[in-house]
Amino acid sequence: MIKVYDTQSNSFRDINLNTNQNGFVLFNRSALSVFKCYYNICGFFYLDRIRSKIQLIDLNDCLIAIPEYSFIEIIDDCKSSLVEYNITERVDFHPSLGFICLYLQEKLDDISDYFIKLCYNIMQNNRLLNSFAKMNDSIIYPISKQELYVFAQNVFKLTHFDYISPDYDTSFKYTIDSLINGYHINFSKDDIEKFAYNISRLAYEKVAEYNG
């Protein structure tokens, strides 16, 4: 049975089907492979492909967190497949800044993180959101080389950001092009972070044009 992390009691309990659904359902990050079979994830939210309903999600290097009230609405087949990934023992759960702002319904005006701003703008733009819903792919901040390739390809597919500008040096343009087209390059952990940041920046700048 799925267990919920209750932030008030700092312990795990059963799902509350009544009104006080203030916990989080936690999963190992490997549960992404299951989750992506049913939903499109974009950073801090995911879309039901059938109803196109937005729900919140948080991901870090080790775990996934879904608000209790959102988990209750997850497709039953998905719930069943996620059981084995459910975290039921005490764990350090530190929600990300973007997730906290959306969860508490706070404005993101003062946030400088490009990935957070990119995801928020996609969520707020109906044209982009509809395109994202039809992609059947996810935009997840990468922590590995394989994830970086997927990230670059999916972000470019949605936003068509400009990386050919004369303002960028040849090496930068070549690397971005290689990521988008799947050409093999070795990346260090710092490289992954650097290019994830720059792809987020380029995509956000493009999306900001859509929003005027």
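Values quoted throughout were computed directly from the atomic coordinates according to the rules given, and no laboratory measurement underlies them. On a predicted model such as this, the values are computed, not experimentally measured, just so you know. Heads up, the Cβs are rebuilt from the backbone with ideal geometry, glycines too, and the neighbour counts pull from every protein chain shown.
Structural remarks
- Share of pairwise Cα-Cα distances greater than 20 Å in the range 107-212 is 36 percent (whole percent).
- Proportion of all alpha-carbon pairs of the range 74-146 beyond 19 Å (%): 58
- Sites residue 124 and residue 173 - FRET efficiency at Förster radius 35 Å, r taken between beta-carbons, to 0.05: 0.75
- Partners of residue 189 within straight-line reach, counting lysines whose Cα lies under 17 Å from its Cα and excluding those fewer than 8 residues away in the same chain: 145.
- Distance between the pseudo-spin-label points of residue 16 and residue 89 (7 Å out from Cα toward the beta carbon): 2.6 nm.
- GNM on the chain, alpha-carbon springs under 10 angstrom: the most fluctuating residue among 126, 40, 86 is 126.
- Ranking of 58, 109, 77, 48 by count of other Cβ atoms within 10 Å, fewest first: 109, 77, 48, 58
- Computed from the Cβ-Cβ distance with R0 of 35 Å, the FRET efficiency linking residue 208 to residue 188 stands at 0.75.
- With contributions of -39500 (n - 2.57) from each DSSP H run of at least four residues, the per-residue ellipticity at 222 nm computed over the chain stands at -13000 deg cm²/dmol.
- Computed Rg/Rh of the range 1-106, alpha carbon atoms with Kirkwood Rh: 0.92
- Other residues with beta-carbon under 11 Å from the beta-carbon of residue 67 carry, at +1 per Lys or Arg and -1 per Asp or Glu, a net charge of -3.
- Computed from point charges on the beta carbon alone (+1 for Lys and Arg, -1 for Asp and Glu), the dipole magnitude for the range 1-149 about its Cα centre is near 420 Debye.
- Charge context of residue 78, other residues only, Cβ under 13 angstrom, K/R +1, D/E -1: -2
- Hull volume per residue, based on the alpha-carbon atoms of the range 48-188 and their convex hull, is 163 Å³.
- Ordering of 184-190, 150-156 by burial proxy (mean other Cβ atoms within 10 Å per residue, highest first): 150-156, 184-190
- Using a cut-off of 24 Å between Cα atoms, the listed pairs 134/194; 3/36; 157/206 include 134/194 as exceeding that distance.
- Sorted by Cβ density within 10 Å, fewest first, the residues 47, 17: 17, 47
- Cβ crowding within 10 Å ranks 37, 78 as 37, 78, fewest other Cβ atoms first.
- Average Cα contact separation per residue, the chain, under 8 Å, 6 or more apart, as relative contact order %: 19
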